[in-house]
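What follows is calculated from the coordinates using simple rules that are stated; it is not laboratory data. Source: prediction; values computed, not measured. Counting neighbours? That spans all protein chains shown, and the Cβs are built from the backbone with ideal geometry, glycine included.
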Amino acid sequence: MTRVKICGLKLVESVHIATKERADMVGFVFAKSKRQLTLQEAKQLAKDVPPSVLKVGVFVNERLENVLTIAQQVPLDVIQLHGHETNEYIQKIPYPTIKALGIRTEEDVKSLSNYPSATYMLVDAPIAGSGETFNWALLKNVQQPLILAGGLHINNVEEAIRTVNPYMVDVSSGVETNGQKDSKKIKQFIQRVKQGEMTDDRSDD
């Protein structure tokens with residue numbers, strides 16, 4: 001069963017629907033972004049996340065001490081890194097880690113092996129957060145478990161899973177309407193991944 005991460009959550013109701021529908025991870029963004037949270041906002045949202053769902057903090061080129069402080073205070077379960085962080089940086093983090101890489105070429109795919117200390121590797125479009133997909137076929141010979149991100153939504157996630165066979169899929173803009181998380185889209189996306197093909201009638205229940 002492919003796992004699901006819903007990222008960029010900012011509202012309690014979005015957290016509720018994601019956890020109710022059995023998302024495996026929820027992501028809180030601490031990097032500069034329209035989805036950026038303050039520490040206090042993240043702490044409030046974290047209170048509504050059950051222990052069975054992992055809380056992920058997303059950072060970009062952040063000072064290690066800041067990452068660890070935020071992780072302890074929220075508290076977070078997993079650290080996701082979207083910048084130029086090195087494997088040596090990752091080694092210093094006492095939490096499971098997700099290292100994200102933008103994929104444009106076969107050389108980018110080969111660079112996945114540069115981060116042996118990362119718990120998970122996340123493969124994304126070259127411009128993270130763009131809502132664009134990339135050439136999934138580049139990943140067909142990758143043996144390690146991957147988290148697949150980049151332009152996923154209810155109408156393409158099944159094809160993405162068939163092509164890449166990822167450990168997890170990660171969605172943010174694909175479950176938004178007018179830049180805001182849409183509870184119906186969150187529910188439909190998770191159901192589509194967890195239950196396979198569904199009719200439109202069932203996904204509207």
Problem set entry | Over 19 Å between alpha carbons, listed pairs Lys34/Lys99; Lys34/Lys194; Lys110/Lys140; Lys20/Lys47; Lys5/Lys184 | Lys34/Lys99; Lys34/Lys194
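Compute the signed sum of charges (Lys and Arg +1, Asp and Glu -1) over the other residues within less than 15 Å, Cβ to Cβ, of Arg104. Before the final figure, lay out the partial values.
Details: positive: Lys110; negative: Glu106, Glu107, Asp108, Asp124, Glu132.
My count for the surroundings of Arg104 gives -4.
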Problem set entry | Cβ-based net charge around Arg22, under 13 Å, with every Lys or Arg adding one and every Asp or Glu removing one | +4
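Which of the trypsin sites (Lys or Arg not before Pro) across the range 1-70 are loop residues per DSSP, with 12 or fewer other Cβ within 10 Å? Mind showing how you got there, number by number?
Working: sites: Arg3, Lys5, Lys10, Lys20, Arg22, Lys32, Lys34, Arg35, Lys43, Lys47, Lys55, Arg63; in loops: Lys10, Arg22, Lys32, Lys34, Arg35, Lys47, Arg63.
Qualifying residues, ordered by number: Lys32, Lys34, Lys47, Arg63.
Can you pull out the trypsin sites (Lys or Arg not before Pro) in the range 79-116 whose DSSP state is coil and whose Cβ has at most 15 other Cβ atoms within 10 Å?
Values: sites: Lys92, Lys99, Arg104, Lys110; in loops: Lys92, Arg104.
Counting only loop positions with at most 15 other Cβ atoms within 10 Å, the trypsin sites (Lys or Arg not before Pro) in the range 79-116 are Lys92, Arg104.
Residues with beta-carbon under 15 Å from that of Asn61, excluding Asn61: net charge, scoring Lys, Arg +1 and Asp, Glu -1?
Working: positive: Lys32, Arg63, Lys92, Lys99; negative: Glu62, Glu65, Glu85, Glu88.
The answer is 0.
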For this session: Go through (i) 18.1; (ii) 17.0; (iii) 22.9 and flag the label whose value is the computed Kirkwood radius over Cα pairs in Å for this structure.
Result: (ii)
